[in-house]
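Presented below is the structure to which this report refers.
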Amino acid sequence: MAIEIAETIAARFVDRIGGPLQALREINERLGHVSADSQQVVAKIFNLSGADVRGIVSFYEDLRDQPAALSHIRVCQAEACQAVGSRALTKRLAEQLEVELHQTSARVTLDPVYCLGLCAQGPAITINGKPYARADLLDIGALLGQTP
Ligand code: FES
């Protein structure tokens, strides 16, 4: 089923400039990640090598090659958020949630992101795609209990 979805999505972007990246982004959004099989589909449809597609997936932080945990936290690591404590927040979350940056535990995935457009209200995070400003003031544990 996932392969058919990936084929359908990739075929829609085949004649577009930037089509492979657009297809990978939509596959990632729809399926939660771009599996090795989906990467093969994109490579075949766009006449690219598997290495080319793996390179795209590994380059872009928002593309995942493995499914995220039920809760996916992304902490902004860009300059404005760093200036107001995003690195300390990342360290605190890693300790509290027992997961390192770029890793997935049974409960949570903790990833970096580079600017969420909330620069004046950092440090900024997303939890399952929902943005939060001034995340250093939030009870993340309580928020995770509220997420599906
Ligand atoms: S620098 Fe963090 S939201 Fe822009």
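Data table
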read-out	value
Check: segment 24-105 dipole with +1 on Lys, Arg Cβ and -1 on Asp, Glu Cβ, in debye	60
The chain - Cys residues lacking any other Cys C-beta under 4.7 Å	Cys115, Cys119
Note, ³J(HN,Hα) from phi for segment 32-46, Karplus 6.51, -1.76, 1.60, rounded to Hz, x at Gly and Pro	x, 5, 10, 5, 4, 5, 5, 4, 5, 4, 5, 4, 5, 5, 9
Cα centre as origin, Lys/Arg/Asp/Glu Cβ charges: segment 71-146 dipole, Debye	120
Heavy-atom accessible area order for Asp62, Asp139, Asp52, largest first, 1.4 Å probe	Asp139, Asp52, Asp62
Estimated FRET transfer efficiency when R0 is 30 angstrom, pair Ala83-Asp139 (beta carbons, to 0.05)	0.85
Inter-probe distance in nm under a simple model that places probes 7 Å from Cα toward Cβ, at Phe59 and Tyr114	1.2
Kirkwood hydrodynamic radius of the chain, Cα pairs, Å	16.3
Within segment 61-148, trypsin sites (Lys or Arg not before Pro) in DSSP loop having at most 14 other beta-carbon neighbours inside 10 Å	Arg107, Arg134
Potential lengthening between Phe46 and Glu4 on full extension [0.36 nm per residue; Cα-Cα distance subtracted]	13.6 nm
Accessible area per residue in Å² at 1.4 Å probe, computed on the chain	56
Carbon + sulfur, % of accessible area of the chain - ligands and nucleic acids excluded, 1.4 Å	52
Neighbour count of at most 16 Cβ within 10 Å plus DSSP loop: longest GluC sites (Glu not before Pro)-free window in the chain	1-60
Dimensionless Rg over Rh [segment 71-146; C-alpha; Kirkwood]	0.92
Where N is the number of residues in segment 2-59, Cα Rg divided by 2.2 N^0.38 Å	0.93
Cβ-placed point charges (K, R +1; D, E -1), dipole of the chain about Cα centre in debye, nearest 20	200
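The values are calculated or read from the model by the stated rules, or taken from the named source; none is laboratory data. Just so you know, these numbers come straight off a predicted model, no measurement behind them. Virtual Cβ from ideal backbone geometry, glycine too; neighbours counted across all protein chains shown. SASA here: full protein model, heavy atoms, side chains in, ligands and nucleic acids out. Shrake-Rupley method; radii C 1.70, N 1.55, O 1.52, S 1.80 Å.
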